[in-house]
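So the structure is just underneath, and the comments pick up after that.
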Amino acid sequence: MNSSSGTPTPPLVAGVDTHTDTHALAILTAQGGVVFTGVFPADERGYAKLIKRINNAGNVGTVGVEGTNSYGAGLTRALTAAGYEVREVLRPTRQIRRLHGKSDGIDAVEAARTVLSNHGISIAKDSRTPAESLRCLLVARNQLITHSTALGNSITSLLITAPEDVRSKYRRLSSLVLAQRLAVSRPNGELDSPATAITHALKQLAKARLDLKHRADELECQLRDILIRHYPQMLNIYGAGTIVAAQLVVTAGGNPQRIRNEAAFASLCGVAPIPASSGRTNRHRLNRGGDRRGNSALHRIAFVRLQRDERTKAYAERRMKEGKSRRDIMRCLKRAIAREAFRALTGKQTPDDQHKKLKALRKAKHLTQRQVADALGTHSSRISEIERQSRPLPELPRRYQEWLKTA
C-alpha cells in the first residue's frame, strides 16, 4: 500500500528473453520504468535465481516470456509452479530493433513492455498435461514418416535406373508390397556387378523403410491410447483419425480454455477470414497465418467429409449451384469444423464406450465378427477394428449398431 495516499501500488511486470544457455530478465514499473535487468543461466539453478529475483522485486503481477514452447519451456514450467501468471510474447519487430538496437537486455525490456501494452500476448500453453505427451509422440512419428517417405522415393529412383531384369521383377507393385518383397530378396553375385549392387542397396533401403514404418505404427497406437483416455470427444469428430485428432489437441494445448471462443480457435488455425476493407471497399481476405499444422488437420477432415459424408456432399452441391468454387466451399467447411473441434476440446471429455457395447451386444446374440462382416458387406477385420477402436471408420459403426438392433 502507498503510505501517503492509501492507494494500492501498481504491480510490476517482468519480461524474459530466452536462449539456449541464458535467459535475460527485465523488471519494469507500471509506467514503463526499468527497475532491473540481468542474465541468468538456463538451468534449474538459474530458474530458481531468476524467480528469487522476481520475488525480491516486490509485487510482480505478470511475466512475459518469449518462446514458452521452445527455449523458454523449462522456465515457463518453473514460473507457473511458483504461482506466476505467464504470458507468451512475440519477439520485437524489426522496426523496434532498428530504433533501439539489439541485445538480450533490450529484448527482455521489450517483452515486459509488450505485457504492459496488452497487445500481441497470449496465455502460455500448459506443458504439463497429456497434450504435451501427444506433441512429443507426434513429432517423433512425423519424423519417422518423413524419413520413410524419403527412403521410398530413393527406392523408386534406384529402380528406374536398375537393369531390366530387376525392374521387371518389381514392376507394378504397391509401395508397401515392394518394400516387403525387396526386404526378403537374396542378391546373388559379387557387389562389383551393378545388378547385384543395386539389388543389395534396394534391400537395405527397404528393410530400413519397413523398420521406420513399424516404429511409426507403434507411436500411432500410443497416440490413440492417450486420446481414448484423455480426449475421447476428439475421436468422435467425423473424419478425425488418430493423427488429425492429436494435432488439433496439440494446437489448442493442454489448457484449451485459454482460447476465449471458437472464433479465436478458428483464427489460431488460420481458417477465420481477415478484414481487408478500406474506404468504400468492404471485403475480407484469406488468413495465411495461424498454426499451419492445425489448418492441415482441418483440411483433412473436410476432405474426408467431402468424399464420404452425404450431408457434406449435399452442402457442397448446393453451394456450387450458388456459384461458390471448390476452394470457397473447402474454406467454409474448415471454418465449421473448427467450431466443432473447439467444442470437443473444451467440452467434458467423457469416455466413449460405444465400441464395448457393440461387442457385448454381438456376443449376447451369439454372433461372430465374420457373420457381422458378411451382413454389412465388409471384412471381419473392420469389425474387429471398430470393437477395438483402432481405426477411425465414421459410417461403419453406425451401420453396425443399426444392424445389431434388428439382427
Would you call R326 modelled with pLDDT of 90 or more and surrounded by 13 or more Cβ atoms within 10 Å (Cβ to Cβ)?
-> no
Note on region 225-243: residues in contact (Cβ under 8 Å) with a residue 24 or more places away in the chain and part of a helix (DSSP H, G or I) are I226, L227, I228, R229, H230, P232, Q233, M234, L235, T242, I243
List every residue pair whose Cβ atoms sit under 8 Å apart, with the two residues 6 or more apart in sequence or on different chains, where the first one lies in region 264-282 and is touching a residue at least 24 places away in the same chain (Cβ under 8 Å) and the second, anywhere, is outside any loop (DSSP other than H, G, I, E, B) and of a type in the set (F, W, Y).
-> F265/F342; A266/F342
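Residue-wise test of (1) under 24 Å from I123 (Cβ atoms); (2) of a type in the set (A, V, I, L, M, F, W, C).
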residue	(1), (2)
Q247	yes, no
R260	yes, no
R280	no, no
G289	yes, no
R300	no, no
R305	no, no
R319	no, no
A341	yes, yes
T346	yes, no
Since T68 meets every condition but one in (1) modelled with pLDDT under 90; (2) in contact with a helix residue (DSSP H, G or I) (Cβ under 6 Å, 6 or more places away or on another chain), which condition does it not meet?
-> (1)
Exactly one of (1) touching a residue at least 12 places away in the same chain (Cβ under 8 Å); (2) out of contact with any Gly (no Cβ under 8 Å at 6 or more places or on another chain); (3) more than 28 Å from E310 (Cβ to Cβ); (4) basic (K, R) is unmet by R260. Its number?
-> (1)
Of the residues L223, L191, which is of a type outside the set (F, W, Y) and closer than 27 Å to T76 by Cβ?
-> L223
Does N2 qualify as being assigned to a helix (DSSP H, G or I), at pLDDT below 95, more than 22 Å from I123 (Cα to Cα) and not β-branched (V, I, T)?
-> no
Out of all the residues in region 59-84, which are surrounded by fewer than 16 Cβ atoms within 10 Å (Cβ to Cβ) and under 13 Å from A42 (Cβ atoms)?
-> S70
Identity of the residue in region 57-80, of a type in the set (S, T, N, Q) and in contact with an Asp or Glu (Cβ under 6 Å, 6 or more places away or on another chain), that ends up nearest to E110 (Cα to Cα) | T62
Matching residues, region 217-231, being crowded, with 19+ Cβ neighbours inside 10 Å and either over 16 Å from the mean Cα position of the chain (by Cα) or of a type in the set (A, V, I, L, M, F, W, C) (or both) = L219, L223, L227
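Among helices (runs of 4 or more DSSP H) lying entirely in region 125-200, which contain 1 or more residues that are touching a residue at least 60 places away in the same chain (Cβ under 8 Å)?
The helices (runs of 4 or more DSSP H) meeting that bar are 130-160.
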Given the conditions (1) within 18 Å of the chain's Cα centre (by Cα); (2) surrounded by 15 or more Cβ atoms within 10 Å (Cβ to Cβ); (3) at pLDDT 95 or above; (4) not hydrophobic (A, V, I, L, M, F, W, C), which single one is not true for K125?
-> (3)
Residue among A266, A272 that is over 23 Å from A140 (Cα atoms), not in a helix (DSSP H, G or I) and not assigned by TED's automatic domain parsing to the domain that holds I155 = A272
Could you list, in sequence order, the residues of region 276-318 that are in a loop (DSSP other than H, G, I, E, B) and touching a helix residue (DSSP H, G or I) at 6+ places or on another chain (Cβ under 6 Å)?
-> G290, D291
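The values are calculated or read from the model by the stated rules, or taken from the named source; none is laboratory data. This one's a predicted model, so the numbers in the text were calculated from it and none came from an experiment. Note that we place each Cβ from the backbone using ideal geometry, even for glycine, and neighbour counts take in every protein chain shown.
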